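Report on the following structure.
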Amino acid sequence: MFTHIAYNPEILSGKPHIVGTRLSIEFILELVASGATKDELLKTYPQLTAEAVEEALKYAAQFSEIVERVLSKNADLYKRLS
């Protein structure tokens with residue numbers, strides 16, 4: 001599904017990162033959150049591609065939705081058990 005994202009315990013302690021780099025998805029998100037544009041990322045980190053940056057953002061969005069669902073289900077369960 002994600003061709004530009006890899007996990008490897010030998011690289012960045014297993015954090016998801018852009019294939020062929022040591023740039024974590026977390027780092028990419030921090031840069032974007034601080035105001036960096038895709039063009040700025042590509043200029044600053046020439047090992048990135050536009051597709052890899054877009055995929056990193058999609059990955060983060062999908063992961064965020066999964067976490068939100070799990071937290072919501074657990075909150076409902078907690079309410080029922082309380």
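Residues in the range 31-53 that are assigned to a helix (DSSP H, G or I) and either at pLDDT below 95 or over 18 Å from Met1 (Cβ atoms) (or both): Leu31, Val32, Ala33, Lys38, Asp39, Glu40, Leu41, Leu42, Lys43, Thr44, Ala50. Selection of the range 12-21 for residues being closer than 22 Å to Met1 by Cβ and either free of Cβ contacts under 8 Å to residues at least 40 places away in the same chain or β-branched (Val, Ile, Thr) (or both) yields Leu12, Gly14, Lys15, His17, Ile18, Val19, Gly20, Thr21. Just one of the listed residues (Ile18, Ile28) is surrounded by 11 or more Cβ atoms within 10 Å (Cβ to Cβ) and at pLDDT below 95, namely Ile28.
Restricting attention to the range 31-50, the residues that are of a type in the set (Asp, Glu) and loosely packed, with under 11 Cβ neighbours inside 10 Å total 1.
The values are calculated or read from the model by the stated rules, or taken from the named source; none is laboratory data. Everything numeric in this text was worked out from a predicted model, so none of it was measured. Because the Cβ atoms are built from the backbone with ideal geometry, glycine has one as well, and the counts that use them run over all protein chains shown.
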